[in-house]
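A short worksheet on the structure shown next.
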Amino acid sequence: MTELTGGPSLPQERRVVTAIPGPKSLELQARRSAVVAAGVGSTLPVFTTRAGGGVIEDVDGNSLIDFGSGIAVTSVGNSAEAVVRRATAQLADFTHTCFMVTPYEGYVAVCEQLAELTPGDHAKKSALFNSGAEAVENAVKIARVHTKRQAVVVFDHGYHGRTNLTMALTAKNMPYKQGFGPFAPEVYRVPVAYGYRWPTGPENCGPEAAAQAIDQITKQIGADNVAAIIIEPVLGEGGFIEPAKGFLPRIAQFAKDNGIVFVADEIQSGFCRTGQWFACEDEGIVPDLITTAKGIAGGLPLAAVTGRAEIMDSAHPGGLGGTYGGNPVACAAALGAIETMREMDLNAKAKRIEEVMKGRLAAMQEKFPVIGDIRGRGAMIAIELVKDPATKEPNAEAAGALAKACHAEGLLVLTCGTYGNVLRFLPPLVIGEDLLNEGLDIIEAAFAGL
């Protein structure tokens with residue numbers, strides 16, 4: 001099944017034949033150290049030769065189970081047939097003209113798909129860009145020109161990018177902000193509904209956190225000064241935090257009541273990752289603007305801002321764009337990725353991944369008290385690790401040790417969280433269930449070895 005594997009020659013199996021990283025990866029790492037800036041990190045320095053389905057093959061012949069998907073990018077796999085086919089055909093026709101010079105159909109077709117797939121039945125328009133951070137920056141530009149206001153509200157534990165403005169929007173200092181200031185002004189941070197750590201318990205978290213956030217906006221900023229409220233419907237880098245029920249609808253209603261543009265940052269959570277096309281659908285949220293990237297194009301660089309036509313049209317001609325934005329090859333890949341998501345019903349596959357993972361992880365939690373919380377939706381699942389379940393003191397050391405143990409056994413996992421104590425799991429939505437369970441076996445053995 002080429003859709004799953006990226007080609008029949010890539011076996012869907014874990015294979016560890018050297019230490020990880022192996023000798024050839026170590027040689028390449030030495031070359032890298034000489035010429036690549038130290039600030040560019042890697043979770044696991046094994047050098048990839050092929051990838052697809054649920055595995056990554058390295059230069060030493062190891063085949064690793066992939067629970068990272070390039071940070072939620074390769075949801076359809078690293079070499080999905082429709083993505084490769086469409087992108088290859090576009091490469092043969094032309095690689096670039098710049099949509100702002102002479103346009104092409106692929107850009108329009110992607111915008112048509114976005115208008116159809118994103119929440120709400122209102123008239124929608126899109127603008128295409130290269131990266132998630134670029135999409136968020138442009139959402140702020142659009143909101144400011146539409147409202148003629150300046151202030152932007154974001155939330156504790158949020159992550160929105162590494163550019164100057166998006167660093168200001170991002171909550172976590174290290175490694176994203178340390179030493180890189182000063183940052184863009186008129187950015188204000190308010191509480192988010194983090195149920196696991198809410199002082200009065202998760203059952204009270206949604207309404208109490210919303211009341212606190214709205215009170216701070218009203219008193220400290222002034223609702224009439226706010227251009228945009230930006231939130232991830234499932235907070236990614238901050239620890240896969242699902243805002244407690246009721247929080248997002250209340251914040252969205254507050255925005256609507258006060259003429260504030262409500263922006264859903266679906267860069268990590270969008271395109272079937274949570275078992276729905278977009279995570280904000282879970283509570284019926286219809287954002288004014290939605291930012292997308294990562295899973296949109298099967299690994300090629302593409303991002304978008306999609307929203308209400310009257311808001312999107314607020315920017316003057318020439319005010320939005322960029323040389324590479326909506327590159328024709330990336331647009332072709334996006335159409336292939338969306339084709340794959342529809343044909344394989346990847347929302348259903350994401351829900352099945354959640355069922356398997358949460359069942360296995362819940363059984364582990366009963367045996368290993370270091371697991372304080374299991375959360376997330378679809379194939380966006382995380383466990384928060386603590387030193388003591390009673391105090392919930394973060395255990396970043398355990399997260400690091402577990403990731404290292406998994407890597408040594410040929411399972412790629414990622415960490416995250418404001419406190420560095422969360423293991424996050426982002427398997428490709430096309431991963432085979434045998435590989436999924438084998439990866440969970442490795443995780444369980446790593447816990448037993450702590």
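Each value in this text was obtained by applying a stated rule to the coordinates, not by laboratory testing. Because the structure is predicted, anything quoted here is derived from the model rather than measured. Virtual Cβ from ideal backbone geometry, glycine too; neighbours counted across all protein chains shown.
Residue pairs exceeding 27 angstrom between C-alpha atoms, taken from 349/387; 177/245; 125/349; 367/404: 349/387; 177/245; 125/349.
Note that the chain, at 20 °C in a medium of 1.002 mPa s, gets a Stokes-Einstein diffusion coefficient of 96 µm²/s from its Kirkwood radius over C-alpha pairs. Residues whose amide H comes within less than 5 Å of that of residue 51, counting only those at least five positions distant or on another chain, are 57 (H built at 1.01 Å from N in the peptide plane). Note on residue 93 and residue 215: the extension gain reaches 38.4 nm, defined as 0.36 nm multiplied by sequence separation minus the Cα-Cα distance.
Can you give the relative contact order of the chain as a percent, counting alpha carbon pairs under 8 Å and 6+ residues apart? List each step's numbers first, then the result.
Values: 982 pairs, mean separation 97.4, N = 450.
Relative contact order comes out at 22 percent.
Residues within the reach of a label modelled at residue 257 (point 7 angstrom out along Cα to beta-carbon, backbone nitrogen below 19 Å), restricted to segment 133-162, are 153-154.
When only C-alpha pairs under 8 Å and at least 6 residues apart count, what is the relative contact order of segment 1-156, in percent?
Values: 141 pairs, mean separation 31.7, N = 156.
Answer for segment 1-156 is 20 percent.
Only aspartates and glutamates eight or more places from residue 351 in sequence, or on another chain, were considered; those with a Cα closer than 17 Å are 242, 281, 282, 283, 343, 433, 434.
Dipole magnitude for the chain: computed about the Cα centre from +1 point charges on Lys and Arg Cβ and -1 point charges on Asp and Glu Cβ, it is near 880 debye. Couplings for segment 78-88, taken from phi via the Karplus curve 6.51 cos²θ - 1.76 cosθ + 1.60 with θ = phi - 60°, read 7, 8, 4, 3, 5, 5, 4, 4, 5, 5, 5 Hz in order; Gly and Pro are left as x. The convex hull built on the alpha-carbon positions of segment 83-343 has an orientation-averaged projected area of 14.0 nm². Each residue, residue 31 and residue 150, gets one label point 7 Å from its Cα in the Cβ direction; the gap between the two is 5.0 nm.
Measuring nothing but how far apart in sequence close Cα pairs (under 8 Å, 6+ apart) lie, relative to its length, segment 83-343 scores a relative contact order of 31 percent. In this Cβ point-charge picture (+1 for Lys and Arg, -1 for Asp and Glu), segment 128-231 has a dipole of about 300 debye about its Cα centre. Computed from the C-beta positions of residue 17 and residue 183 and an R0 of 35 Å, the FRET efficiency is 0.15 to the nearest 0.05.
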